[in-house]
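Right, one structure below, let's go through it.
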Amino acid sequence: MQSWTDPERQALAKSAAKVLKDNAVHNRSGLPPFRLPQVAQQILDELFRYISSGDPAPVLSLGNRLAQQGLGLRALLGLSRALLREVLARLPDRAPEALGDVARVNDYLTLLVDAAAERERCEIGDQRDEMQLALERAIQSRERELRRVIMELSTPIMPVHDHILVLPLIGKLDSERAARITEFLLRDVVERQARTAIIDVTGVPAMGAEAVDALVRTARALDLLGTHPVLVGIRPEAARALSEQGAHLEGIVVLANLQSGILYALRREGLDVCDTPLPQRGAARSYRGR
């Protein structure tokens, strides 16, 4: 092939560069247009080396490298078709040797395109995996945010008087939720300078060991902040659970219901509750300082 291609090298390189420029839109931004003549020359140089050696390894390496640099697969396919047409048009005759040259050119272009396609396939797979991971992280972040909002909504901390907070608990109490509850409660206790915190467990359906430990830990944390913990609304089955598990409730006031807990907290503040008739409202209760 060298006998007839030597005079055609420059013309082939010029034609290859033009085809690559015409298909530049299919390349990635990492491969600027001014480098396309150099890419065309690399492809032709490797073609002639392949014709001489028949070694596919450098061809595969070149295809992988060009795809990595940003040469698009459609641009490379366009170049392959154009280059094969150029070779056929410039062959001096249809002798068996010339047709063998065409077959080697076709083999070379097939190897080059296959290597670039494999590289592009791997990159697409990597991008898909990265997108999948990013989507999973976004979903997990959204789920965490939703759990946080649900936790805040399901754990309302209500100030019923100066320095008195009430935390009504509803639903199952596990270690994760208990940790969140403790966090929210301690934050509000500090912000509002609460002196009494009433934890109402009327809405907790069952009191297993996990829930009991969580309540005790929350009460101890309140005590360390100088806030008096009051536990109200314990059901008979919950009381049995506390007794059976030997919960240490020393220093924690345990009362029957939320009403008695609020009265207890008010009295600790030096307030009392009495019935006072109000016009057009019937009997009502009011606070009275001692």
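The values are calculated or read from the model by the stated rules, or taken from the named source; none is laboratory data. Source: prediction; values computed, not measured. Positions of Cβ are generated from backbone atoms using ideal geometry, with glycine treated the same way; all protein chains shown enter the neighbour counts. Just so you know, the surface numbers come from the protein's heavy atoms only, side chains and all, with ligands and any DNA or RNA stripped out. Shrake-Rupley method; radii C 1.70, N 1.55, O 1.52, S 1.80 Å.
Summary table
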item	result
Selected residue [open to solvent by less than 70 Å² (accessible area, probe 1.4 Å) and touching a Lys or Arg at 6+ places or on another chain (Cβ under 6 Å)] from 103, 40, 67	67
Options 147, 119; residue that is part of a helix (DSSP H, G or I) and open to solvent by 70 Å² or more (accessible area, probe 1.4 Å)	147
Count of the range 208-228 residues which are surrounded by 18 or more Cβ atoms within 10 Å (Cβ to Cβ) and of a type in the set (A, V, I, L, M)	7
Cross-chain or 6+ apart pairs with Cβ under 6 Å, the range 51-76 first and basic (Lys, Arg), then in a helix (DSSP H, G or I)	74/26
Hits in the range 51-68 (condition: of a type in the set (Ser, Thr, Tyr) and modelled with pLDDT of 90 or more)	61
Strands (runs of 3 or more DSSP E) (entirely within the range 158-207) containing at least 2 residues that are open to solvent by 50 Å² or more (accessible area, probe 1.4 Å) and in contact with a Leu (Cβ under 9 Å, 6 or more places away or on another chain)	158-161
Residues satisfying the stated conditions in the range 154-193, i.e. among the acidic types (Asp, Glu), within 20 Å of residue 216 (Cβ to Cβ) and modelled with pLDDT of 80 or more	183, 188
